[in-house]
1. Using a/c under 1.5 as the rounded threshold, could you call the stretch 165-232 rounded, prolate or oblate? The axes a ≥ b ≥ c are square roots of the C-alpha gyration tensor eigenvalues, and prolate needs a/b larger than b/c, oblate otherwise.
2. Hey, how many Å between the Cα centroid of the stretch 421-469 and the Cα centroid of the stretch 141-196?
3. So how many Lys-Lys pairs in the stretch 427-514 land under 21 Å Cα to Cα, not counting same-chain pairs under 8 apart?
4. Give me the Kirkwood hydrodynamic radius of the stretch 71-199, using the inverse of the mean 1/r over all pairs of distinct Cα atoms, in Å to one decimal.
5. For the stretch 180-188, in order, what is each residue's ³J(HN,Hα) by Karplus, 6.51 cos²θ - 1.76 cosθ + 1.60 with θ = phi - 60°, in whole Hz (x at glycine and Pro)?
6. Counting heavy atoms of the protein chains only and a 1.4 Å probe, report the per residue accessible area for the stretch 204-289 as a whole number of Å².
7. Does the stretch 425-486 classify as rounded, prolate or oblate by the C-alpha gyration tensor (a ≥ b ≥ c root eigenvalues; a/c under 1.5 gives rounded; else a/b over b/c gives prolate, otherwise oblate)?
8. Could you tell me the largest-minus-smallest coordinate of the C-alpha atoms of the stretch 467-542 on each of the three principal axes, in descending order and whole angstroms?
Amino acid sequence: MSRLKSCLLLFLALFSASESIAKEEKVEELNEEFTEALLLRPLPDRKVLAHFHFRSSAPPSRMYGRHHHIFPKSIYQLVHKFKVREMELSFTQGRWNYERWGGFDPISSSNAKPPGVELWADFDVAQDQVDDSWKNLTHALSGLFCASINFLEHSTSYSAPQWSFRSFSGKLRYGTLPREAVCTENLTPWLKLLPCRDKAGISSLMDRPSIYRGNYHSQRLHLKSDEFDTSEMCNGIVLEQTLTVVLRPDTFSGQVLQPSWSLSSLFGRTVNGKCSLSSSSNVYVQFEHNLVSEGDKLRKDSEVSENEIFIHEGFQNNHLFELSLPPKRVIKEAGNLQKEGSILYEFSVDESNEFEPFDLGLSWKVPVVWSCPQAPLQASRFLLGSGNERGAIAISMKSTRSNIVERAGYDEKECWLRVGIFQMVPWYVKVYYHTLKLFLDGEPQSSTENIEKILVSPSEDKVSPGVMEVILRLPCSVNTAALTLEFDKGFLHIDEYPPDANQGFDIPSAVIHFADFVANTSFHDNFIKEVPILSRLQEEIPVVSYTEVLLVPLTTPDFSMPYNVITITCTVFALYFGSLLNALRRRVGEEERLLSGKVAKKAGPLTLMISKLSAKLRGKPWEPPKPPESGRPSTNYKLIAKIVLVAGVAAAWQFYFQ
């Protein structure tokens, strides 16, 4: 019996030990991780796209604990305090050029943002607590990033989209600040979330003057958490930080060739080594499939041998361009029969140091012209009408013909293009949604035939903005489509006007998304999933674009008039009460004595001697000479006239403004 008990105890001990070892191995597998990467891409308009990508991950706190070595503590506290399931915050200066820089690739679909600040967050709280969590989150982010995000706390500044975004929980909130200025005060706290900040690694390239003189830059923070999920397959918190910059190289290469560039010419710095806490530090140079196709055409035209192909391991023999450093790996996109795939050159910065810095450069050998992939429709928005009373908003969409919809088993008449539009309008722009009109190729169309579904939330004065979510069902053969909405301009209280009211009021950008299209880049190699930036490029990202920010002039009062009224009123009262107090407080006897003393001082010694001598001869006591009395009545008359004049002006002023 004792032997059986000992065996049972030994079995239980071994089982518990194996279970603890398995848990420890699982925790080790879900350990914190940080990666950094930089993707460079030449653009057709002689510019260069630089996309910085940083990814930090932390395992679930119930398994790993609340203390972290790499993951930023402020983000962890933000997630747990406000129960954030997913959040995205972006600071953008400039507008993404969809026509020249593309709109049908993963980078443009996820990193091309509207000007100013854009914030959306999905919460894991009760429905009645979502608004309070949103307000507290805006205040926390405002202090964390030194920005005016707290202005989004008011109900007139944010909305609750239902199905325009990927979340269908009904707990998502969306808000924008189009006029928010972006500067280094926002970039510095963003960099502080990185383990090495901008002192080492790829982030050391972020020279402030180089970044902010670019044509476009957008710093983005995307957060995804399943900390509050009860399942065992949760991944914890994943923080993705990206900085997308469009730079113009300073090097001169003539009007025909594309400009040559290097890291030192773009950013004024080089990489002196990787971040010691980063598990991977790579730099990628991407050539889009249209550029690859143009290179193949040039190769065929120049009759280059088949062994000397356009993109291959022996990059020194490339007749189109030349790289200053040998790549670590060449990654090819899985293309199809219709188009060539894009090419990525991978470079590692692990072996670089202060004595041998990493300074990648690219120089072109022959001129080449290509275009970036475009979204099915290119959208723009503008205002119609004139005056300060009413107007109309128009959204125009033009077919690019670069992504023709082809579906097996459908003819042209049965092919449809689904386009979603999300538009938020401030409450002082009173939109009449019943005036919605749709035009296809310049011809008015019935809304019931071409609108698949629509959701409208009218604005309420000083309470909530107006929101419209609509999905259009357009034929694939359409060339142009236009959507118009009429509105009236409201009136604001004088306290509600901003300091620069005469500049106009902003209507945030409309979000255009294509439900049937996704942007992704698929690769042949399986190891790509281990690299965060490449796995991100392989994700199926919805194709999204933003329209322009509209500037609406409203009726504004003359803000200088209150100042003028206050100034002239104070002047009149000062003159009136000053003269009145002078008349009431004046002492006539003292003034006469002072005046006689002044006259005596003005009289000469000879005059005084003669007056004393005459008084002695007459036998009368000597008296000092008195001033002439002719000026006293005139002085009194002048004083009385002044008081009467001021009183008359004050009475007329009071009568005029009653």
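1. oblate
2. 25 Å
3. Value for the stretch 427-514: 5.
4. Answer for the stretch 71-199: a Kirkwood hydrodynamic radius of 15.8 Å.
5. These are the phi-based 3J(HN,Hα) values: 5, 7, 10, 8, 5, 5, 8, 6, 4 Hz.
6. With the other protein chains kept in place, the stretch 204-289 gives 37 Å² per residue.
7. prolate
8. So the extents along the principal axes, rounded to whole Å, are 62, 37, 19.
The values are calculated or read from the model by the stated rules, or taken from the named source; none is laboratory data. No experiment lies behind these values; they were computed from the predicted model shown. Note that each Cβ is placed from the backbone with ideal geometry, even for glycine, and that neighbours are counted across all protein chains shown. Side chains are part of the model used for accessible areas, which takes the heavy atoms of the whole protein and leaves out ligands, DNA and RNA. Shrake-Rupley method; radii C 1.70, N 1.55, O 1.52, S 1.80 Å.
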